[in-house]
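Asker: Structure in structure tokens, see below.
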Amino acid sequence: MKFNCIVPDFLFLGSAILELNVDNKLSMVPEDLIRKFGMDIIFSELTAEEKTWTGKLLLKILIELEQNDKKVCSIDMTLEGAFSSPLSVDEQKFKELVLINGAAALFSVARAKIENISATMFASGKIVLPFVNIYDYYEEKNKKNKAPIIKN
């Protein structure tokens, strides 16, 4: 086995919740709820300092639960993640690493945070975010914007 052969020069520096809004009218999560989920990924900052690229990414997530055609719970969260690479990595490559690998990492963090937050909100049950294909997300976003976000 060869070690570190598929590890890019890309680091996850950390994340923070920038905004969190919760509106809840439930004490537990029944199975018959209609679950709605939306998200947006925004590349928010790129800097080059000394020997390092630093990039920030915003992940906005909106979850709505409906029962009998009424919204009974919503969670709206904006999470920021910071990432870095050495300047030897091409700027376009670094942006792609942030937009794909960074978004996947940040979504995993958001998934855990939503599970923990919702588990403390309800007497029983929690909200679990679905898996998301980041490539499919950008394909859909490219169709709507008519301009590629990630170039092939």
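Asker: Roughly what would the spin-label model give for S108 and N24, points 7 Å off Cα along C-beta, in nm?
Answerer: In this crude spin-label approximation the distance works out to 2.6 nm.
Asker: If you don't mind, there's one more thing I want to ask. In terms of Cα to Cα distance under 16 Å, which lysines are near enough to K126, apart from those fewer than 8 places away along the same chain?
Answerer: Result set, ordered by chain and number: K25, K36, K113.
Asker: Evaluate the charge dipole of the chain about its Cα centre and quote only its size in Debye, nearest 20, assuming +1 on the Cβ of each Lys and Arg and -1 on the Cβ of each Asp and Glu.
Answerer: With only Lys, Arg, Asp and Glu charged at Cβ, the dipole is about 200 debye.
Asker: Arrange the residues M28, M77, M39 by how much accessible surface each exposes, largest first, with a 1.4 angstrom probe.
Answerer: Descending order: M28, M39, M77.
Asker: Find the accessible area per residue for segment 23-80; the probe is 1.4 Å, ligands and nucleic acids are left out, and the unit is Å².
Answerer: 58
Asker: Something else now. Convert each backbone phi in segment 17-29 into a coupling constant with the Karplus relation 6.51 cos²θ - 1.76 cosθ + 1.60 (shift: θ = phi - 60°), then list the ³J(HN,Hα) values in order as whole Hz, x for Gly and Pro.
Answerer: Each residue of segment 17-29 in turn: 7, 8, 8, 8, 10, 10, 10, 10, 10, 10, 9, 8, 9 Hz.
Asker: For the chain, modelled as a GNM with alpha-carbon contacts under 10 angstrom, which of N116, N24, N133 fluctuates the most?
Answerer: N133
Asker: Skipping prolines and chain starts, which residues have an amide H placed within reach, meaning under 5 Å, of the one on S44, given they are 5 or more residues away or on another chain?
Answerer: Here the answer is K56, L57, L58, since their amide H atoms fall under 5 Å of that of S44.
Asker: At 0.36 nm per residue, and after removing the present C-alpha to C-alpha distance, how many nm does the segment from A16 to I34 gain when stretched out fully?
Answerer: The A16-I34 span can extend by a further 3.6 nm.
Asker: Please get the size of the charge dipole for segment 24-78, origin at its Cα centre, with Cβ charges of +1 on Lys and Arg and -1 on Asp and Glu, quoted in debye to the nearest 20.
Answerer: 80
Asker: For Q67, project a label point 7 Å along Cα to C-beta. Then give me every residue of segment 27-51 with its amide nitrogen under 15 Å of that point.
Answerer: Hits in segment 27-51 for Q67 at 15 Å: 27-36.
Asker: Give the aspartates and glutamates reachable from K144 as a straight Cα distance under 16 Å; neighbours fewer than 8 places away on the same chain don't count.
Answerer: Straight-line reach from K144, under 16 Å: D40, D136.
Asker: May I pose another question? Note the listed values (1) 31; (2) 27; (3) 16, then indicate which one is percent of Cα pairs over 28 Å apart calculated from this particular structure.
Answerer: (1)
Asker: Can you pull the accessible area of L46 for me, 1.4 Å probe, Å² to the nearest 10?
Answerer: Using a 1.4 Å probe on the heavy atoms, I get roughly 50 Å².
Asker: Hey, in the GNM for the chain with a 10 angstrom Cα cutoff, which one of A103, A119, A82 fluctuates hardest?
Answerer: Looking only at A103, A119, A82, the largest GNM fluctuation is found for A119.
Asker: Could I ask something else about it? Which value, in Å² and to the nearest 10, is the accessible area of S27 when all protein chains are kept and the probe is 1.4 Å?
Answerer: Near enough 80 Å² of accessible area.
Asker: What aspartates and glutamates does K70 reach when the alpha-carbon gap must be under 19 Å and sequence neighbours fewer than 8 apart in one chain are set aside?
Answerer: Cross-link targets: D23, E31, D32.
Asker: Calculate the FRET efficiency for T52 and K126 from the Cβ-Cβ distance with a Förster distance of 41 Å, rounded to the nearest 0.05.
Answerer: Working from the Cβ atoms, E equals 0.65.
Asker: What figure, in Å² to the nearest 10, do you get for the accessible area of I41 with a 1.4 Å probe and non-protein molecules left out?
Answerer: Roughly 10 Å² of I41 is accessible to a 1.4 Å probe.
The values are calculated or read from the model by the stated rules, or taken from the named source; none is laboratory data. Remember, it's a predicted structure, so these values are computed and weren't measured experimentally. Neighbour counts are summed over all protein chains in view; Cβ atoms, including those assigned to glycine, are modelled from backbone coordinates with ideal geometry. For accessibility, only protein heavy atoms count, side chains too; no ligands or nucleic acids. Shrake-Rupley method; radii C 1.70, N 1.55, O 1.52, S 1.80 Å.
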